[in-house]
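Below you'll find the structure, written out as structure tokens, and then a few comments.
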Amino acid sequence: QVQLVESGGGLVQAGGSLRVSCVASGSTFTNNAVGWYRQAPGKARELVASISRGGMPTYADAVKGRFTASRDTAKNTVYLQMNSLKPEDTAVYYCKMDSFSANYWGRGVQVTVSS
């Protein structure tokens, strides 16, 4: 059974940093596309960053230059390093894995940025 578990959320002041992690069990991120999404209260879920099957990261305009997505294949873990955080980054952050046959979501972690 494939499961994704996020961790590393919390409360941080504006300008600070956090790193959220997503560990996969029952499968591997290798050769699978990965996405980081977030959803703020009253807003739609949006794609923040993605890692292609070949390891190429892409970012939403709102986080370019501040967030970095990465993959550690040995630990079967993906990360989202968030720097220079802003209050508008406050949201629940989710990881998602897309295989050729199915997609999987984590439960999400809360990230709160105070002003």
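The values are calculated or read from the model by the stated rules, or taken from the named source; none is laboratory data. All figures in this text were calculated on a predicted structure; none of them were measured in a lab. Backbone-built Cβ (ideal geometry, glycine too); neighbour counts: all protein chains shown. Just so you know, the surface numbers come from the protein's heavy atoms only, side chains and all, with ligands and any DNA or RNA stripped out. Shrake-Rupley method; radii C 1.70, N 1.55, O 1.52, S 1.80 Å.
Tabulated data for the structure shown
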quantity: Candidate set: region 31-52, residues that are in a loop (DSSP other than H, G, I, E, B) and open to solvent by 60 Å² or more (accessible area, probe 1.4 Å); chosen: the one modelled with the lowest pLDDT; calculated: Asn31
quantity: Tally of residues being surrounded by 12 or more Cβ atoms within 10 Å (Cβ to Cβ) and not in a strand (DSSP E or B) across region 18-29; calculated: 3
quantity: Unique residue being open to solvent by 60 Å² or more (accessible area, probe 1.4 Å) and either under 28 Å from Ser114 (Cβ atoms) or within 10 Å of the chain's Cα centre (by Cα) (or both) when the list is Gln3, Gln13; calculated: Gln13
quantity: Every residue from region 90-115 that is among the aromatic types (Phe, Trp, Tyr) and open to solvent by 10 Å² or more (accessible area, probe 1.4 Å); calculated: Tyr94, Phe100, Tyr104, Trp105
quantity: Qualifying residue in region 77-86 (condition: farther than 13 Å from Gly8 by Cα and without any contact (Cβ under 8 Å) to a residue 60 or more places away in the chain); calculated: no
quantity: Top-ranked residue in region 64-89 [being open to solvent by 60 Å² or more (accessible area, probe 1.4 Å) and part of a loop (DSSP other than H, G, I, E, B); ranked as nearest to Asn32 (Cα to Cα)]; calculated: Thr73
quantity: Sole exception among (1) among the acidic types (Asp, Glu); (2) surrounded by fewer than 15 Cβ atoms within 10 Å (Cβ to Cβ); (3) in contact with a Cys (Cβ under 7 Å, 6 or more places away or on another chain) for Asp61, by number; calculated: (3)
quantity: Pairs with Cβ under 8 Å, 6+ apart, first in region 24-53 and free of Cβ contacts under 8 Å to residues at least 40 places away in the same chain, second among the polar types (S, T, N, Q) and open to solvent by less than 20 Å² (accessible area, probe 1.4 Å); calculated: Arg53/Asn32
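For (1) closer than 21 Å to Arg45 by Cβ; (2) at pLDDT below 95; (3) among the charged types (D, E, K, R), each residue gets a yes or a no:
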| site | (1), (2), (3) |
| --- | --- |
| Phe67 | yes, no, no |
| Ser70 | no, no, no |
| Asn76 | no, yes, no |
| Ser84 | no, no, no |
| Tyr93 | yes, no, no |
| Ser99 | yes, yes, no |
| Trp105 | yes, no, no |
| Gly108 | yes, no, no |
| Val113 | yes, no, no |
